[in-house]
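Here is the structure we will look at.
The values are calculated or read from the model by the stated rules, or taken from the named source; none is laboratory data. These figures come from a predicted structure and were not determined experimentally. FYI the Cβ positions are ideal-geometry reconstructions off the backbone, even for glycines, and counts take in every protein chain you see. Surface areas here come from the heavy atoms of the whole protein model, side chains and all, with no ligands, DNA or RNA. Shrake-Rupley method; radii C 1.70, N 1.55, O 1.52, S 1.80 Å.
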Amino acid sequence: MLKIDNNSNSLLPLGRRTLEPAPLFERLPVLDLIANSADVFFADLGRALFLLGHDVPISHAAGRRADLLLLDPEGRLIVGRLQRGAERIDLVEALEDAGCVTSWTPDRVLSLLDEERRELLQKAFLKTPVEEINAEQGLLLLAELYDVDTLAAAGWLKTRYGVRIDCYQLRLATDSLTGIDYLNCQDLNERAHQVYQTRKSGEADGAPWPATAVPDISDQPAPEAPKPTAPK
């Protein structure tokens, strides 16, 4: 396939399409992107989560706000925390955020929704009685970078103590030909479990945690032209 240049009335090679890594949290309003397309985003993570709100006040005394506040079908209240710029995600602050909502009643949780969203939650999403909303809490961590200590701690809390804490790595890539941006989401929960088990056994864990390579979506090479055959 060739590209037509109408300015010069000529043909140009299409070139090779690749996805080039780009800084995500420094370049795009990630929280707004997720909030504006929550169903699409969480479906891509393979998670059934209902968005209650974003940038939600959770402790007026301490001035704390949850980046994302979510419910899973079992009524578990999930606090989502996003990475801040180029900094690594703070697991301690995320745990403190989850602690801020432990006393919330089902009525307080539902008060975040308008009547239409509340009816949708109760009739089409929840698999548990409304009275059991926020019987448990969980954490959803979203970041470009994770160090081994954070993953080990997440694996320890989940494996040893049953804390529902999930880690996902988000990476931005730009199409080298069209300039279109793509978001790649990778589940790191199995990796967190492996890091914890490795540390528990006393083995080296390969710190620091490497950034995930962005997948290449290069165009398939054009088929080779048939070789000329000698005349009979």
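Full-extension gain between Lys123 and Leu31, please, as 0.36 nm times their residue separation minus the C-alpha to C-alpha distance.
30.4 nm
Would you give the gap between the C-alpha center of the range 23-40 and the C-alpha center of the range 98-173, rounded to a whole Å?
One Cα centre to the other: 18 Å.
Considering only protein heavy atoms, what per residue accessible area in square angstrom results for the range 39-154 with a 1.4 angstrom probe?
48 Å²
How big is the convex hull of the Cα atoms of the range 42-108, per residue, in Å³?
Spread over its residues, the Cα hull of the range 42-108 gives 107 Å³ apiece.
Please list Tyr161, Tyr168 in order of solvent-accessible area, largest first, computed with a 1.4 Å probe with all protein chains present. Mind dumping the intermediate values first?
On the way: Tyr161 135, Tyr168 5 Å².
Largest to smallest exposure gives the sequence Tyr161, Tyr168.
With the contact rule set at Cα under 8 Å and sequence spacing of 6 or more, what percent relative contact order holds for the range 125-183?
Relative contact order for the range 125-183 comes out at 32 percent.
Please work out the FRET efficiency for the pair His60 and Asp149, using the Cβ-Cβ distance as r and a Förster radius of 35 Å; give the result to the nearest 0.05.
On the way: r = 31 Å, r/R0 = 0.90.
Step by step, r from the Cβ atoms, then E = 0.65.
Could you work out how much longer the chain between Ala43 and Asp175 gets when fully extended? Use 0.36 nm per residue separation minus the Cα distance between them, nm to one decimal.
Length gained, Ala43 through Asp175: 45.2 nm.
Measuring from the lowest to the highest alpha carbon on each principal axis, how far does the range 100-150 reach, largest first, in angstroms?
The principal-axis extents, from largest down, are 42, 22, 19 Å.
So if I restrict to the alpha-carbon atoms in the range 45-190, what is the Rg, and what is Dmax, the biggest pairwise distance, in Å?
Over the range 45-190's Cα set, Rg and Dmax evaluate to 16.3, 52 Å.
Which part of the range 56-76 falls in the paramagnetic zone of Arg108, meaning amide N under 17 Å from the point 7 Å along Cα-to-beta-carbon?
Counting only backbone N, you get 56-71, 76.
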